[in-house]
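The values are calculated or read from the model by the stated rules, or taken from the named source; none is laboratory data. Please read these numbers as outputs of a predicted model, since none were measured by experiment. As a convention, Cβ positions derive from the backbone with ideal geometry for all residues, glycine included, and neighbour counts pool all protein chains shown. The accessibility values were calculated without ligands, DNA or RNA, using every heavy atom of the protein model including side chains. Shrake-Rupley method; radii C 1.70, N 1.55, O 1.52, S 1.80 Å.
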Amino acid sequence: MTEPGPIRDRGGFVELFASPEVGVYVGGARPRDELERAMPAVPGQRPGLFVVDLDGAMIGMVTLDRRDAERPGGGKAELGYLFLPEVWGYGYAAEACAAALGWFAGVLPGEPVVLNTQAANERALRLAAKLGFTEVERFEAYGAEQWFGVWSSPVTPPG
């Protein structure tokens, strides 16, 4: 897992956001021509965004962002991820998300991380459970039932 950088990652970002399969639970795919025009040469250069690559090719991304204050869990760090459909089911998302959570726990021990997904997204619910997220609530938003969970970062004892 690395921070975005090389121009080769641009194509991976376009593939992710244009994929109908990836877009099912995140508002739909975006038109490829629109992405090609709008995507910067080095997309996603910001803290908390990590590119996941396999043999030098981008296969997905993991994000840790501060959640909007007006949404459930507002102000807390939120885990997000997208992976290309051809790598689903191989454990890459679990491995990358666990690594990101481990990094986060090392930087901000004891701080919780939240995760929100559509309740219909069975793969995401299985991954949330595998990563140790606990369901807090379900609610309606964006025309679908949403699942909201929290993960507690381990607190390392002083000294």
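Laid out as a table, the results:
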| item | result |
| --- | --- |
| Residue-by-residue Karplus 3J(HN,Hα) for region 133-143, coefficients 6.51, -1.76, 1.60, Hz, glycine and proline x | 6, 10, 5, 9, 6, 10, 7, 8, 6, 6, x |
| Ranking by accessible area, most exposed first, for VAL107, VAL62 with a 1.4 Å probe | VAL107, VAL62 |
| Extension gain (nm, one decimal) between ARG37 and LEU54, 0.36 nm per residue minus Cα-Cα | 3.5 nm |
| Cβ-defined net charge surrounding ARG30, 15 Å radius [Lys, Arg +1; Asp, Glu -1] | -2 |
| Over region 105-153: Kirkwood hydrodynamic radius from C-alpha pairwise inverse distances, Å | 11.3 Å |
| Under-5 Å amide H pairs with GLU78, H placed in peptide plane, nonlocal only | ASP65, ARG66, ARG67, VAL114 |
| Computed label-point distance, nm, for sites ALA120 and VAL24 using a 7 Å Cα→Cβ extension | 1.0 nm |
| In sequence order, calculated HN-Hα J values of region 87-94 (Karplus, 6.51, -1.76, 1.60; Hz; x Gly/Pro) | 10, 5, x, 9, x, 5, 5, 4 |
